Structure formats: C-alpha cells, structure tokens
Amino acid sequence: MSIFPASDANWWRQAVVYQIYPRSFADANGDGLGDIAGITSRADYLQQLGVDAVWLSPFYPSELADGGYDVADYRNVDPRLGSLADFDKMLSALHSRDIRVIVDIVPNHTSDQHEWFQAALKAGRGSPERDRYIFREGKGPNGDEIPSDWVASFGGPSWTRVEDGQWYLHNFAPQQPDLNWSNPDVRADFVKTIRFWADRGVDGFRIDVAHMLVKDLSMDPLPTKEELDAIPVDGNHPMWDRDEVQDVYAQWRAVFNEYDPPRMAVAEAWVASDRVPRYANPHSLGQSFNFDLLEADFDAVQFRRIVTHNLSLAAGSGSSSTWVLSNHDVVRHPTRYGLPNPARRADGKPAIKHGQEWLQRDPDGPVLQREQGLRRARAATTFILGLPGSTYIYQGEELGLHEVYELDSSERQDPTFFRTHGEEVGRDGCRVPLPWTASGTSHGFGANGSHFPQPDWFGKYSVETEEGDLESPLRMYRSALALRKQLETSETMEWIETGRDDVLAFERPNGWKVVTNFGTEPYAYATDTVALSSEPVFVENGKVEIPGETTVWIAG
Ligand code: GLC
C-alpha cells in the first residue's frame, strides 16, 4: 500500500528517477547476481541520494538471453533474484522512504521459454496458440526460404524456423518472439499484468519498445528490408509506430486511472519527435523518453536546440519532458564525452551507437580522456538537473563511472556481441555491478564475486571512496538533488543570452539560474550566490569565474 497522498497525481512530472539494473546493483544472497533483497539493503543509500523514484529493469523469470528483456513470466520474480514476498518488502522499504517504484513492462515480445511460446511450438500451425505470436510460412516451393530479409535489432535475421517448418518473427534475439497484438488473449493478459503490479502498490510503468507492438504483416510477399525502411513512419508503417498502438495505451490508461493516485507510465518509443506527443499525453501513456541527449555531443548549440524543442513538445502534449544522459543500453556519458565525437550520417544521427565505435579495443583507436569525460559529464548532468521536467539517472552515474571496455569476449553476455560476431561489443560495459567499497570481493557488490568482472579502477569510483570526498560525483549528485527541490515549483525556464555560443544560461521562475560553460575559455558571470558547481569555482568582487566545461547554479 502506497504511503503517498492520493492527491499527488503529478509526482512524476519533475521526478528524479533512478534506474536500477537489478542483476548488477547489489547481491544480498552471494550468488554473483544482484537481487531484490540487495535493493532493499540499499534503500538508505537511495534515500540519501535524494531520488524520488526508482525504475527497475526486468527482474522477472528469464533465461537472460537479453539481460532479462526476455520475460518468461510477467507476474513473478526470477527465483535467482528473490520472491514476490521479497518484492513486497522492497516496495515498502522504498515507500517508507518516500521513494516510488516503476517497473518495466516488455509487451512486444516474450521469452521463448514463456509458457505461451512453448504451447505454440507444440500446438502446430494454424492453432490458436500460434496465433498469439507471428508465425508465417516461408517462401519458395517448400517454404524453406526465409519470409523476408529483415535484420533483427541485435543483428542477424528477424525470422527463425521451427521444427515443423513455419517461421516466427523476432525483432530482437531469436529467444524473444514478437507477440501478435491483434490477438485478444495478448491484450487481456497485459491488462492482467498491469493490474497485478498496480494492485501490489507499484507506482508506475516503463513500457519497453512502446512503438512496436501492433503490426500489419498482411501483405504477401512481405516487403524487402530496403522497401520496409523506405516506407514513411507516419502511423501506417507495417511495423513501427502504427496509430493503432494508441488503442492499447488508451485501454491501459483507463486501467491506470482506476488507481488513486493514477499510475504513471513512460514510453520507450524511438519515434520521430513530432510523433512523441502521441505517447506523451494524458490519454495515452502520459510521458515518453526523450533520447536526444544520448545522441548529442557535449556541445552548447546541440544542447540548446534539444532543450528548446523538447520543452515545447512536452508543453504541447500536456506532459513533462524527460532528460536522459545514460541508461542500460548506451555507453556511459563520461566515456562518450571523453572520446572523439562520433561520425554522423547525413540526417545528423550518429553512424553507430554513440561511443560504441571507439570501444572495439582498437590499439590504434583514440585514448579515452577519463578526466575530461567526467568533467564534461558533471557539467552536463548539473545542466539537465536544473531543467524543468523529470530526469532519469542510471545506476552508477552518480559515481561518475566510466564504461567498462576491458571485458573479454568470453565474459560478454549481450546478444548484440554474438549476433554481430563481435563487430559491435554491445551494452555489457555499462552493466558491470556497482562498486560499493574501495576493495574487497566484488567491491562490496556481494559476498561471492560478480557475474561480470569489475576492473581495478572501480575502487576509485566506489561509494565508500566517494563518501569521503567532498568533491566526488556522489556528493555532487546528492547536493544537486537536494537543491533541486527548490526548482520544482514550476515547469518553465527562460534562456538568458550569454554573448557566447559555447555558454548556455537559463533562469527558472524562482530566480535561480543555471550557467554552463561548454567551451574551454573561462566565463565570468555577475553573482555572489553560487549554490552549486560541477567543479570548484571562486566568487570574487560579485563575480564568479566559470572555468571551461563547468556548470554553476545561482540561487535567486
Ligand atoms: C529496449 C530495452 C533493451 C532491450 C530491448 C528489447 O530497448 O531497453 O535493453 O534489449 O528493448 O526488449
């Protein structure tokens, strides 16, 4: 049962949400895998950090073909991570510290171990069991040619053939068969799942690949990959962001609104920004991730454009914007900022996932500028924490952790690595268990090692080390989160002209100002009320000199 006042239906609008990747957060039972009791044991840490909510990446039973995003049972806890009773204990430990809980719903696909998929395999072609997934005959006289040449998200073909000769669609790994959202069982079952967690007291939901669910694959033959990619994504694309997906969310919204306070939801929808409001409006999921900063360089012009654009999108749809610099799918931001800017395609997007191209352990590749990357990350983080809207922070970023690129091929787990034959290293480097102590077995993560090896340099970034250092990232995050409460009374800001293209400044209605120097030349600003800074600064004669790659917050 939630302890929060029923009237606070808007708690999420400016919340700081801390993303926990449960298998790598804290391991209470010493099996090398983080667990639910581990999260409970760190509830005080989360409270002291000052977050408003946590979002838990999947903790459901899973064969871990995709780090838990291959769910075998949506209404249970993976036995290696605990039990439903452990979940309830965690929920009340967090609620009693005023921290809300968001869980991840993965509706596009199940695990191939899910009882439905197993039943579909047994039941054979044409059966109601197969109709819950997307099965199809192959091309060619014997149907042994793949139905289309589409490429799955982690590489390799999007279709896999089963024993009796039919093929099934998987937009991700073969162990993640796509569900058929035209099937009423599928719709009903997810409503049941949402109610199951909402009834337990969960406060919100993060919806995985929210733009995919509904598909129209009625054409025969299917378009080729090239043809598919050329179809405009305008609501009628066979696969992505179809307008009908909103019927699913309208139904979910009605369910969310039966609760008091209504349950929040945030879409992971990789769609063009003019289509984001379809997900981020009060009749749909309500909020949607804005991933623009994940693809941006540490660059004032890019940041300003992204902020202005997303604030206006959010205002137009009645939502609040979200700001994200790191998550479990991307190279951690101190590392991105410590490497050369990525090559970009003609449309301005990074040619491959930002930062990834430098992590291939190429001996001739650029050397990671650790200090500079972290300095920029601190400046960028304090910049976004000053903005209206909500911020999602990813476990370990409060420690200033870099991506771990030292993992050996034999230690990798991400399907991306295997399905691209090592061409892309994948996302494991941001999923290495957190260092809680400066030394000791798995740096305090658990009593018996960790499912990914931690590099030696982790000790320097441990909670224990940073607790004792007033200038550490951890202390900076804590101060920023505490001060931020004073900014949350409004959802607007105004840019202040700075006279320099590489310096951004804005003011919140309470008079607080945030100034970020993205350049390297110092910038002087008239004030004597510096409330926070990402690097040490000196205030003299009514002026603060802001060094390069530094943010200051000025109290109103
Ligand atoms: C989302 C998740 C990612 C996962 C994928 C498939 O993008 O964030 O981790 O691999 O969906 O479920």
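The values are calculated or read from the model by the stated rules, or taken from the named source; none is laboratory data. If you're wondering where the values come from, they're calculated on a predicted model, not measured in any experiment. Please note: Cβ atoms are built from the backbone with ideal geometry, for glycine as well, and neighbour counts cover all protein chains shown. Quick note on the areas: whole protein, heavy atoms, side chains included, nothing else; ligands and nucleic acids left out. Shrake-Rupley method; radii C 1.70, N 1.55, O 1.52, S 1.80 Å.
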inquiry  = Keeping all protein chains in the complex and leaving out DNA, RNA and ligands, what accessible area do you get for ASP112 with a 1.4 Å probe, in Å² to the nearest 10?
reply    = 30
query = Fully extended, how many nm does the chain gain between ILE231 and SER312 (0.36 nm per residue separation, minus their Cα-Cα distance)?
reply = 26.4 nm
request  = Could you order MET493, MET239 by accessible surface area, starting with the largest, using a probe radius of 1.4 Å?
outcome  = MET493, MET239
message = Can you give me the long-range amide H partners of TYR394? Hydrogens built in the peptide plane at 1.01 Å from N, cutoff under 5 Å, separation of 5 or more residues or another chain.
response = GLN19, SER326
inquiry  = In Å², and per residue, what accessible area does the chain have when probed at 1.4 Å with the other protein chains present?
reply    = 38
query = Residues with amide H under 5 Å of ASP104's amide H, sequence separation 5 or more or different chain, H placed in the peptide plane at 1.01 Å from N; which?
reply = LEU56, ARG206
ask   = Counting only the heavy atoms of the protein chains, how much of ILE496 is accessible to a 1.4 Å probe, in Å² to the nearest 10?
value = 40
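For a test of the definition: using alpha carbon positions, the gyration tensor, and the 1.5 limit on a/c, classify the stretch 420-531 as rounded, prolate or oblate.
Numbers: a/c = 2.53, a/b = 1.89, b/c = 1.34.
Note, shape of the stretch 420-531 comes out prolate.
What is the magnitude of the charge dipole of the stretch 324-390 about its Cα centre, with +1 placed on the Cβ of each Lys and Arg, -1 on the Cβ of each Asp and Glu, and no other charges, expressed in debye to the nearest 20?
160
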query = Counting only protein heavy atoms, what percent of the accessible surface of the stretch 292-343 is carbon or sulfur at a 1.4 Å probe?
reply = 55
Normalised alpha carbon radius of gyration of the chain [divisor 2.2 N^0.38 Å] = 0.97
ask   = Going 7 Å from the Cα of ASP149 in the Cα-to-Cβ direction, what parts of the stretch 155-197 have a backbone nitrogen less than 16 Å from that spot?
value = 156-159
message = From the protein chains alone at 1.4 Å, what is the descending order of accessible area for TRP181, TRP358, TRP270, largest first?
response = TRP270, TRP358, TRP181
message = Which of rounded, prolate or oblate describes the stretch 78-222 when judged by the alpha-carbon gyration tensor and an a/c cut-off of 1.5?
response = prolate
message = Please compute the length gained on full extension between ARG500 and ASN448, using 0.36 nm multiplied by the number of residues separating them and subtracting their Cα-Cα distance.
response = 13.5 nm
request  = Report, to the nearest whole %, how much of the accessible area of the stretch 139-246 belongs to carbon and sulfur atoms, 1.4 Å probe, protein only.
outcome  = 50
ask   = Carbon and sulfur atoms: what percent of the 1.4 Å accessible area of the stretch 5-120 do they account for?
value = 45
message = Just to check I understand the Karplus step: with θ = phi - 60° and J = 6.51 cos²θ - 1.76 cosθ + 1.60, what whole-Hz values come out for the stretch 56-70, glycine and proline as x?
response = 9, 4, x, 10, 7, x, 6, 7, 6, 6, 9, x, x, 7, 10
query = If you plug each phi of the stretch 274-288 into the Karplus form 6.51 cos²θ - 1.76 cosθ + 1.60 with θ = phi - 60°, what whole-Hz ³J(HN,Hα) values come out, in order, with x for Gly and Pro?
reply = 5, 9, 4, x, 4, 8, 9, 8, x, 9, 10, 6, x, 9, 9
query = Along the stretch 320-332, what does the Karplus equation 6.51 cos²θ - 1.76 cosθ + 1.60 (θ = phi - 60°) give for ³J(HN,Hα), rounded to whole Hz, x for Gly and Pro?
reply = 10, 6, 10, 10, 9, 10, 8, 7, 6, 10, 10, 5, 4
ask   = Long-range amide H contacts for THR322: which residues qualify at under 5 Å (H placed 1.01 Å from N, peptide plane, sequence gap of 5 or more or a different chain)?
value = ASN290, SER390
key: Pair LYS192, ASP164: separation of 7 Å Cα→Cβ label points (nm)   = 2.3
note = Taking 0.36 nm per residue of separation between HIS421 and ASP274 and subtracting their Cα-Cα distance, the length gained on full extension comes to 49.4 nm
query = In nm, to one decimal, how far is the modelled label at SER439 from the one at ALA254, with both set 7 Å along Cα→Cβ?
reply = 6.2
key: Those lysines that a straight Cα-Cα span of less than 17 Å connects to LYS513, excepting residues fewer than 8 apart in one chain   = LYS485, LYS543
query = According to a simple spin-label model (label point 7 Å from Cα along Cα-to-Cβ), what is the distance in nm between SER96 and GLU540?
reply = 5.2
inquiry  = Cut-off 17 Å, label point 7 angstrom out along Cα-to-Cβ of ARG305: give me the residues of the stretch 483-515 whose amide nitrogen falls inside.
reply    = 501-504
key: Alpha-carbon centroids, the stretch 387-408 and the stretch 196-254: separation in whole Å   = 28
ask   = Within straight cross-link reach of LYS225, meaning Cα distance under 22 Å, which lysines are found once same-chain residues fewer than 8 apart are removed?
value = LYS139, LYS215, LYS349, LYS353
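Is the shape of the stretch 100-151 rounded, prolate or oblate, going by the alpha carbon gyration tensor and its root eigenvalues a ≥ b ≥ c, with a/c under 1.5 for rounded and a/b larger than b/c for prolate?
Here the stretch 100-151 falls in the oblate category.
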